[in-house]
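Below is one structure, written out as structure tokens; comments come after it.
The values are calculated or read from the model by the stated rules, or taken from the named source; none is laboratory data. From a predicted model like this one, the values you see are computed outputs, not experimental measurements. Don't worry about glycine lacking a Cβ; one is built from the backbone with ideal geometry, like all the others, and counts go over all protein chains shown. For accessibility, only protein heavy atoms count, side chains too; no ligands or nucleic acids. Shrake-Rupley method; radii C 1.70, N 1.55, O 1.52, S 1.80 Å.
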Amino acid sequence: MPKTGTTRPGRPVVAGEAELPLDALHVGPSLRVEGLDARHVATLAELAGAWPPIVVRRDDGSVVDGQHRVAAARRLGLATLQVTWFDGSAEDAFVEFVRCNVGHGLPLGLGERRSAASRILRSHPERSDRSVASVCGVSPKTIARLRGELARSGPRHVPARRVGRDGRVRPVDPAELRARITEELERRPEASLRAIAAAVGSSPETVRSVRGKLRTAEGGSVTAEPAAVDTEATVLGLLTRRAHTGHRLEGDRAFATREGGCEFIEWFDATSVEPTDHWSHVGNVPRSRIYEVADEARRRAQFWVHFADSLEGQVRRRA
């Protein structure tokens with residue numbers, strides 16, 4: 001049977017499904033601060049079982065995501081449920097729970113997401129700020145602030161490297177990364193920006209910056225021009241110098257006086273993307289995961305279209 005797991009931060013592998021009796025499921029304490037929501041259970045029960053599969057940890061049968069659906073199934077007297085297997089530790093399962101409950105179902109509140117972020121930082125200190133932020137639906141600045149608070153609360157293990165959203169391992173100290181780039185440039189002065197970046201786990205723009213400084217520094221050992229122009233990296237460099245085109249809501253006073261307005265801004269701005277992100281990331285998807293990522297991208301696109309239609313629908317109903 002196909003597996004589910006977390007080979008990349010916050011990204012499960014393609015899932016295999018099964019049908020399990022409810023008696024075989026282990027439903028522990030709710031991972032939500034407020035526990036199960038009775039109204040949400042009642043809403044699900046009205047759908048009479050027309051739900052997506054729940055996520056279950058294969059090792060012990062514990063429900064990772066879907067406790068409300070299990071409660072609704074019991075209320076309806078159902079005997080079985082469709083499940084998606086999850087392979088990983090209990091802490092990995094918590095990360096998966098958060099990932100599943102940030103943008104759909106009964107979304108976690110801002111306080112719950114921040115609490116979850118603190119727990120993930122304690123159990124997975126090697127994850128980058130952006131990696132944790134993408135799982136919890138908060139901004140990287142919030143994660144950096146929480147990481148600082150944890151560091152001040154007592155001695156903790158601080159890994160020398162962090163794992164980014166793309167699964168790559170990078171040094172925490174920028175000086176160490178630049179030293180590695182310098183070493184690789186001296187070893188392969190003819191290599192393209194992308195080749196060096198892939199070898200050391202950095203961006204082509206960082207390699208460009210280091211190479212430029214080496215060329216202008218007195219006595220710099222890397223003086224030769226590259227054998228060929230790295231066209232893709234050049235285009236990427238030009239695009240990333242453009243101003244952001246997305247409409248960010250941070251500082252918008254219209255939301256300040258509305259209940260939940262600040263929470264919405266943090267959630268909405270955390271999902272902001274730019275046209276240049278296409279160039280930065282499209283080449284980083286492994287061939288074996290292209291269709292999975294493409295399907296997920298379409299699912300998210302459909303969510304935003306539905307969200308936009310719902311917003312405009314509020315105006316039409318009030319008109």
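Here are a few things to note about the model shown:
- Scanning segment 126-137 for residues that are open to solvent by less than 30 Å² (accessible area, probe 1.4 Å) and outside any helix (DSSP H, G or I) yields 127, 128, 137.
- Verdict on residue 123 being more than 23 Å from residue 301 (Cα to Cα), surrounded by fewer than 17 Cβ atoms within 10 Å (Cβ to Cβ) and without any contact (Cβ under 8 Å) to a residue 12 or more places away in the chain: no
- Qualifying residue in segment 35-54 (condition: assigned to a loop (DSSP other than H, G, I, E, B) and in contact (Cβ under 8 Å) with a residue 40 or more places away in the chain): yes
- Comparison of 114, 187, 165, 178 shows that the only residue that is in contact with a Pro (Cβ under 7 Å, 6 or more places away or on another chain) and open to solvent by 60 Å² or more (accessible area, probe 1.4 Å) is 165.
- Once segment 146-162 is narrowed to residues that are surrounded by 13 or more Cβ atoms within 10 Å (Cβ to Cβ) and part of a helix (DSSP H, G or I), the residue that is farthest from the chain's Cα centre (by Cα) is 151.
- Against the list (1) surrounded by 11 or more Cβ atoms within 10 Å (Cβ to Cβ); (2) of a type in the set (A, V, I, L, M, F, W, C); (3) modelled with pLDDT of 80 or more, the condition residue 279 fails is (3).
- The criterion of being touching a residue at least 24 places away in the same chain (Cβ under 8 Å), in contact with a Ser or Thr (Cβ under 6 Å, 6 or more places away or on another chain) and not in a helix (DSSP H, G or I) does not hold for residue 170.
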